[in-house]
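The values are calculated or read from the model by the stated rules, or taken from the named source; none is laboratory data. Remember, predicted model here, so these are calculated numbers, not experimental data. Heavy atoms of the whole protein, side chains included, go into the accessibility calculation; ligands, DNA and RNA do not. Shrake-Rupley method; radii C 1.70, N 1.55, O 1.52, S 1.80 Å.
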Amino acid sequence: MHPSIRKLLPLLQAPRCGARTRAGTLCQSPAVNGKTRCRMHGGAIGSGNARGTRNSNYRHGAFTCEEIKKRKSVRAVLQSAREGLTPR
């Protein structure tokens, strides 16, 4: 076996990423150690979103039933005020 092939053999035998490329084929890059994806498809350290509130994963309460009812009542008051101001 040629020495250059002997150096490449571990890389050629490494598990592949398998993510879909834009062309629709499977990515053939080697996966990062301990991961199932390559460095381009999310296997790199630091890839992915932050956890918790740093990822905007929190509830603000703007769409609770009480807030929706409150907005509807405010809209109704404003609509009635507008109707009262228009000349007849």
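Cα extents for segment 1-84 along the principal axes, largest to smallest and rounded to whole angstrom: 93, 29, 16. If you run the Gaussian network model on the chain, springs between alpha carbon atoms under 10 Å, then out of 51, 37, 71 the most flexible one is 71. Straightening the chain between residue 44 and residue 75 buys 6.2 nm, computed as 0.36 nm per residue apart minus the Cα-Cα spacing.
In the chain, the portion of solvent-accessible area held by carbon and sulfur atoms comes to 56 percent [1.4 Å probe, whole percent, DNA, RNA and ligands not counted].
Computed from Cα atoms, the angle from the helix 3-13 axis to the main principal axis of the chain rounds to 40 degrees.
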